[in-house]
Amino acid sequence: MATAIHPSTVVQLGTCSICTWRAGSCSIDQTSPHKCPSQPPPPELCHDGLFYRVYDSLSQSQYSPDDGFLCGEASPDQDLPERRYPRAAVKKHLDWYNRDPTPYISIFSSFKQALRECRLRSEKPDVYRKDLGWALPRGQVRVAVIAGLETLIKNDVYLTSLAHLRNAGVLTRDDGFAWQPEWLVLDQIPASCVVADGTAEEFMECCTQLGDDGDS
């Protein structure tokens, strides 16, 4: 089974791998999931299949045949493991009403969840903009099929799951969307890692032909 490379699997004991503190200055105790010696990745960072990105015309990150998916705002701290997924930045990204760019790109590890999200967006063509006070047309809904963990890792793609962020204390049980089978990619998904990209209609038609309606 493929596994994601997470900072907690490579940093030394005593280095804070996930909170907003710089390495060596975190005040949490050594038993916290923030501080881990080299060890096998936890189950929530293991995934055997493909990933799926559901997006529309209002999404920050759009597919390009040359660049793949680029985040709306590059992370200035990509080389600092302890600064890659601070709570404030993650919460901002997961806020549906936020329109400011973030350094993350959302993907699903669940085919069925991707199909549900695809249907949800297709059935709701308008998106309410809290900052404007009115709704904007969502535009075309599309689905990209993303390569599995092994390929992503070989292409130096950095990602982690919401489940891991929840277990590490970055997200809490009360945070909205914290329970979805969603992963956050940092900065970019290269075009070489995008297996396919098509419209929501094409994706749902393919699902119908395969006999999978996503309800089971």
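The values are calculated or read from the model by the stated rules, or taken from the named source; none is laboratory data. Everything numeric in this text was worked out from a predicted model, so none of it was measured. Heads up, the Cβs are rebuilt from the backbone with ideal geometry, glycines too, and the neighbour counts pull from every protein chain shown.
On inspection, residue 121 passes the criterion of being under 16 Å from residue 56 (Cα atoms), in contact with a Lys or Arg (Cβ under 7 Å, 6 or more places away or on another chain) and not acidic (Asp, Glu). Mind listing just one residue for me: the one in region 105-115 that is within 19 Å of residue 197 (Cβ to Cβ) and not β-branched (Val, Ile, Thr) and, of those, nearest to the chain's Cα centre (by Cα)? Result: 106. The residues on offer are 185, 143, and the sole one that is touching a residue at least 24 places away in the same chain (Cβ under 8 Å), of a type outside the set (Gly, Ala, Ser) and under 19 Å from residue 57 (Cα atoms) is 143. Working only within region 64-86, note down all residues that are modelled with pLDDT of 90 or more, hydroxyl-bearing (Ser, Thr, Tyr) and either assigned to a loop (DSSP other than H, G, I, E, B) or under 20 Å from residue 113 (Cα atoms) (or both). Passing the criteria: none in range.
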